[in-house]
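K.L.:
The structure's right below; bear with me while I get my questions together.
Rule-based calculations on the coordinates, nothing more; no lab input. If you're wondering where the values come from, they're calculated on a predicted model, not measured in any experiment. Please note: Cβ atoms are built from the backbone with ideal geometry, for glycine as well, and neighbour counts cover all protein chains shown.
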Amino acid sequence: VPAKRVAGLPDVPSRALAGLGVELLPLRGAPVRPPCPEVMAAVARTAAAPRTPPPRGLLELRAAVAAALEPELGALVDPEREVVVTNGSMQAIAAAFLALLDPGDEVLLSAPSFFYHGLIELSGGVARYVAARAGEGYRPDWEALDAAVGPRTRVLVVTTPANPSGYVFTDADAEALVGLAARHDLAVLCDEAYDVLVYDGRRHLSPFREPELRRRGVLVRSFTKSYAMGPWRIGYAVATPSLSDAVARAAAWLTLEVNSVSQEAALAALGTPRDWLPELVARYQQNRDRVCEAVAALATIDCHVPQGAAFAWLDLRRLGITAERLVHEHGIPAVDGMHFSVPGFARVPFGGPPEAIEALCDRLAAAATARG
Ligand SMILES: Cc1ncc(COP(=O)(O)O)c(C=O)c1O
């Protein structure tokens, strides 16, 4: 009999869709590209002479990550003591919660929220949600978050660009975040997995540029979206030396280390110009515009125009159907809003070829007239 802490968890929603046996439109929430020759060469070299990497990750990779981050953060990052390479950013998040939470500690999140709850529960913590401001593109409600801090609140999670809402932090948000964290002495988990997918000429501005956050936070990034390398499963955490020690210890107890082939692939990708990125972002923006325009023409489904990430966040409350029906009756890879702590909504990815986007628009139109 499985333990209660696992028996009570749902399957990871995005992965559960693949196991349903339903033929779904080929839409994705993250880009995937074939490896470039530099990555292929690194993979072949490493596979021919594999070595066990250090628990925190190959120092060359940590150094390259630190060098890439420094201009963006306007601060030095110590690759030896402040960077931990992980098995996707998911493991960085898991290790951060394990490092930060004692049993019963509370984690504050802005809803809709990416599904951190499974990792919070596995770490013995309790997730507490505060509704974001829907009318402002789902900006976190800083006043309401402040009011929700209780005696057991230990960690605040922020995601920018946000999954599923696509909200992208401004300088004012970073300032509000700093004030809130400092006022209540909270640790901050800052998830920037979608850093490259921002639209309409916006720039991703990491809240980690704030020294106060670097003192009390864990920054999480990933090669999944930023380098279109999801299946390689490489992410990383950046934090102060003492917090990095705790994150690294938790990560090492989970997986000892991360396989060196993927680490070398990530290192090679970091060293290769991302000349493909502007076109990819432009394509995602076009897809977003097409899907939002199609939804705007429907009387029973609503959505806002996301500022970043790769999802349409559909309001199905007027239509009165669930994401499950979008999946089973229309083949749309929708995840129910309840997994993001907001029932009545559905998350639909808009990464994919034009034919799949057109099919999505047609199928949403068909679903919008569904009844019962
Ligand atoms: C906001 C966010 N953070 C973290 C992750 C985990 O990504 P990965 O483990 O592939 O780096 C995801 C995956 O979709 C995500 O959407």
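K.L.:
Report the rotationally averaged projected area of region 156-258 based on its alpha-carbon convex hull, in square nanometres.
P.N.:
Orientation-averaged projected area of the Cα hull: 7.3 nm².
K.L.:
Something else about it: Would you please state the base-10 log of I(q)/I(0) at q = 0.14, 0.21 1/Å for region 1-120, with intensities from the Debye formula using one equal scatterer on every alpha carbon?
P.N.:
-1.02, -1.31
K.L.:
Please label the shape of region 214-274 as rounded, prolate or oblate, based on the square roots a ≥ b ≥ c of the eigenvalues of the alpha-carbon gyration tensor (a/c under 1.5 means rounded; beyond that, a/b larger than b/c means prolate, else oblate).
P.N.:
Oblate, since a/c reaches 1.5 and b/c is not below a/b.
K.L.:
Same structure again: In deg cm²/dmol, rounded to 500, what helix-only [θ] at 222 nm does the chain give when every DSSP H run of at least 4 residues adds -39500 (n - 2.57) and the total is split over its residues?
P.N.:
The helix-only estimate for the chain comes to -12500 deg cm²/dmol at 222 nm.
K.L.:
Additional query: Please report Rg over Rh for region 56-141, where both radii come from the alpha carbon positions and Rh follows the Kirkwood definition.
P.N.:
We get a ratio of 1.07 for region 56-141.
K.L.:
Then there is this: Given N residues in region 1-65, what is its alpha carbon radius of gyration divided by 2.2 N^0.38 Å?
P.N.:
Normalised by 2.2 N^0.38 Å, the Cα Rg of region 1-65 equals 1.76.
K.L.:
Using alpha carbons only, what's the Rg to Rh ratio of region 267-348 with Rh from Kirkwood?
P.N.:
1.10
K.L.:
I need the peptides 119-132, 279-292 ranked by packing, meaning the mean over residues of other C-beta atoms within 10 angstrom, with the highest value on top.
P.N.:
Most protected by this proxy first, the peptides run 119-132, 279-292.
K.L.:
What share of the DSSP beta bridges in the chain is antiparallel, in percent to the nearest 5?
P.N.:
50
K.L.:
Something else now. Compare the peptides 232-238, 363-369 by average per-residue count of other Cβ atoms within 10 angstrom and give them in order, highest first.
P.N.:
So the peptides 232-238, 363-369, ranked by packing, come out 232-238, 363-369.
K.L.:
Could you order the peptides 305-316, 93-104 from most to least packed, using the average number of other C-beta atoms within 10 Å per residue?
P.N.:
305-316, 93-104
K.L.:
Magnitude of the Cβ-charge dipole of the chain, K/R +1 and D/E -1, about the Cα centre, nearest 20 debye?
P.N.:
Its charge dipole is roughly 580 debye.
K.L.:
Could you size up the charge dipole of region 219-334 around its Cα centre, putting +1 on the beta carbon of Lys and Arg and -1 on that of Asp and Glu, and report it in debye to the nearest 20?
P.N.:
Here the size comes out at about 100 debye.
K.L.:
Could you work out the percent of alpha carbon pairs in the chain separated by over 39 Å, rounded to a whole number?
P.N.:
The proportion of pairs with Cα distances above 39 Å equals 14 percent.
K.L.:
To continue, here is another question. For the chain, calculate the relative contact order in percent as a whole number, restricting contacts to Cα pairs under 8 Å that are 6 or more residues apart.
P.N.:
After rounding, I find 24 percent.
K.L.:
Still on this structure, I have one more. In nm, to one decimal, how far is the modelled label at Arg45 from the one at Glu60, with both set 7 Å along Cα→Cβ?
P.N.:
It works out to 0.5 nm between the two label points.
K.L.:
Now for a different question. Rounded if a/c is under 1.5, else prolate if a/b is larger than b/c, else oblate: which is region 195-238, with a ≥ b ≥ c the root eigenvalues of its Cα gyration tensor?
P.N.:
oblate
K.L.:
Starting from 0.36 nm per residue, how many nanometres of slack lie between Leu280 and Asp185 once their C-alpha separation is accounted for?
P.N.:
Full extension from Leu280 to Asp185 adds 30.2 nm.
K.L.:
When the dipole is taken about the Cα centre of region 240-283, and only Lys, Arg (+1) and Asp, Glu (-1) are charged at their Cβ, what size is it in debye, to the nearest 20?
P.N.:
The dipole of region 240-283 has a size of about 120 debye.
K.L.:
Here's a follow-up. Among Leu298, Leu270, Val327, pick out the residue whose Cα is farthest towards the positive end of the charge dipole of the chain, where Lys and Arg carry +1 and Asp and Glu carry -1 on C-beta, about the Cα centre.
P.N.:
Val327
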